[in-house]
Each structure stands twice: as C-alpha cells, then as structure tokens.
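A.B. asks: The structure is given below, and queries will be raised subsequently.
The values are calculated or read from the model by the stated rules, or taken from the named source; none is laboratory data. Quick caveat: nothing in here was measured; it's all calculated off a predicted structure. With ideal geometry, Cβ positions are generated from the backbone for all residues, glycine too; neighbour counts draw on all protein chains shown.
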Ligand SMILES: *[C@@H]1O[C@H](CO)[C@@H](O)[C@H](O)[C@H]1NC(C)=O
Ligand SMILES: *[C@@H]1O[C@H](CO)[C@@H](O)[C@H](O)[C@H]1NC(C)=O
Ligand SMILES: [Cu+2]
Ligand SMILES: [Zn+2]
C-alpha cells in the first residue's frame, strides 16, 4: 500500500513537471521572439532619432556644479580733472554673468572739484576712451543704438545714459547704483570707453530742445576716465 502511494505521488510529480515544461519552452520561445522584435524596433527608432536631431550633443554640464559656470567681471578707473589731469575720484564696476545687473560705485573728492552741496551732476559713458589732454576728446554719449538721449530708466536711451549723481552736504560724491542696460561685455559693452562727470544736471531728454535730446544739457565736462578691466580685489559696493 505504501509502495503504491509512493508510486502514485512519483507519477504525479513527473506528470506535473512534464506538463509545466512544455508551455515553459513555448513561452521562452515566444519571449525570445518578442525581444527580437523589440530590438528591431529600437534600431528603427534610433535611426529616426538620428535623422531628426543629427547635431544633438549630449549635455556637457552633467555632474558639474552650476555655480562654477558663473563668472564675475570687475572694471575700474581713476577720474581725472579735465583741466589738469589731477585724480579727483574713482569709478568701480562689477558684473556677474548670471544677471544683467551692472553695479557701479562713483566716489569723488568734492574739494578737488569744488562741487556745491547736494548738487546734481550728469554722469555718462562717452564713446571714446581718449582723455589725452582733457575730457573733450571722449566724443558724445555712447549710443550704439542711434537713439535720443534719455534717462537710465527709459525704455529707449543711450547705452551711456546713467542719469545724475548727487553730491552730499559736504560736496563729496559717493554713490552706488545699478544699471541693467550698459554692460562690461556683449553688444552694450562700455569697456574701453570713458566716464564723464559733468558740472550741471542732466535734464534726461526732457529739456525740449536739441541739446536735451543729444546730451541732456549737462554742462561742462569736469572729470573723466577710461574704463578698464580690474581684479576686483578692492571692490566695495
Ligand atoms: C585722441 O584725441 C586727440 C584729439 O582729438 C587726437 O589727436 C588723438 O589722435 C586721439 N588719440 C587716439 C588714440 O585716437
Ligand atoms: C544692485 O545689484 C546687486 C546685485 O544684484 C544687489 O545686491 C544690490 O542690492 C543692488 N543695489 C541696488 C541699489 O539696487
Ligand atoms: Cu556726458
Ligand atoms: Zn545720452
């Protein structure tokens, strides 16, 4: 009886494993066929992709710190008096590549230019970096767009239109401000051109005459300097 039971269960085991194996082989064959089909489809898709985007390059910044790509440029110049070349102040600039903000700081020793207390003075970028002798050789406002003189916040303006700076109660100037149109690099670059500080106030194009639309009637050129690259080691905004 025990032997019979053992034989029965052995038969069942053989039968069941025999019955499983047949569909398993069939399934494997079917799967292999599916894989071959998918491989063929992948080849076709790759060819289509290459035709649609022949020059598509892999991203180059994978795994890199994005902050490392940000560069910071500095520029500076010493303002010299138009009459005699005496140094009367300085202009310092900073620009970061991931913003379109040009940071400027203008410092003037008022005693050397005898500026009136709280007086306003036109401050511009003029076209030529030529201050040989005086500020008269710097040309007009830097105006690559060929438009009218205006205020720094106007939609259309000279690249060089930085408006007015104001002296403090002692007649000194120390102002920090930002400009989003002029730049140290690119098509609005002011590098190699000249800053000019005027004796009078810039009417920012609202004077109602030709002089206003050309230069803001800002009066005599008191001091100027040629904008050059700087290390930024003494940058203080
Ligand atoms: C600077 O301006 C003066 C006066 O116009 C001119 O003689 C001189 O050639 C200019 N210098 C340069 C480098 O252009
Ligand atoms: C000028 O821009 C800098 C950098 O974007 C910012 O930190 C600073 O507060 C700005 N200054 C003014 C006066 O808007
Ligand atoms: Cu000017
Ligand atoms: Zn102007």
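To keep it simple, each residue is scored yes or no on (1) buried (at least 21 other Cβ atoms within 10 Å of the Cβ); (2) touching a residue at least 40 places away in the same chain (Cβ under 8 Å); (3) over 16 Å from residue 77 (Cβ atoms).
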position: 167; (1), (2), (3): no, yes, yes
position: 196; (1), (2), (3): yes, yes, no
position: 224; (1), (2), (3): yes, yes, no
position: 232; (1), (2), (3): no, yes, no
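A.B. asks: Okay, next question. For region 177-201, which positions are under 14 Å from the mean Cα position of the chain (by Cα) and part of a loop (DSSP other than H, G, I, E, B)? Lay out the reasoning, then the answer.
C.D. replies: Taking region 177-201 first, the residues under 14 Å from the mean Cα position of the chain (by Cα) are 178-189.
Across region 177-201, the qualifying residues are 180, 181, 182, 184, 185.
A.B. asks: Go through region 105-146 and report how many residues are within 11 Å of ligand 1 (Cβ to nearest atom), touching a helix residue (DSSP H, G or I) at 6+ places or on another chain (Cβ under 7 Å) and closer than 23 Å to residue 204 by Cβ.
C.D. replies: Residues flagged as within 11 Å of ligand 1 (Cβ to nearest atom), touching a helix residue (DSSP H, G or I) at 6+ places or on another chain (Cβ under 7 Å) and closer than 23 Å to residue 204 by Cβ within region 105-146 amount to 1.
A.B. asks: Please list, ordered by first then second residue, the pairs with beta carbon atoms under 6 Å, 6 or more apart or interchain, first in region 132-160 and away from ligand 4 (no atom under 13 Å from the Cβ), second in a loop (DSSP other than H, G, I, E, B).
C.D. replies: Short answer, once both residue conditions are applied: 134/82; 135/82; 137/130.
A.B. asks: Residues that are surrounded by 23 or more Cβ atoms within 10 Å (Cβ to Cβ), within 26 Å of residue 72 (Cα to Cα), at pLDDT 95 or above and within 13 Å of ligand 4 (Cβ to nearest atom): does region 202-213 have at least one?
C.D. replies: Restricting attention to region 202-213, the residues satisfying the condition of being surrounded by 23 or more Cβ atoms within 10 Å (Cβ to Cβ) are 202.
From what is left, the residues that are within 26 Å of residue 72 (Cα to Cα) are none.
So far as region 202-213 goes, no, none of its residues is surrounded by 23 or more Cβ atoms within 10 Å (Cβ to Cβ), within 26 Å of residue 72 (Cα to Cα), at pLDDT 95 or above and within 13 Å of ligand 4 (Cβ to nearest atom).
A.B. asks: Restrict the check to region 143-156 and report whether at least one residue is in the same structural domain as residue 76 (by TED's automatic domain parsing) and in a strand (DSSP E or B).
C.D. replies: No: zero hits.
A.B. asks: Can you name the number of the only condition in (1) surrounded by 14 or more Cβ atoms within 10 Å (Cβ to Cβ); (2) without any contact (Cβ under 8 Å) to a residue 60 or more places away in the chain; (3) over 13 Å from residue 222 (Cβ atoms) that residue 99 fails?
C.D. replies: (1)
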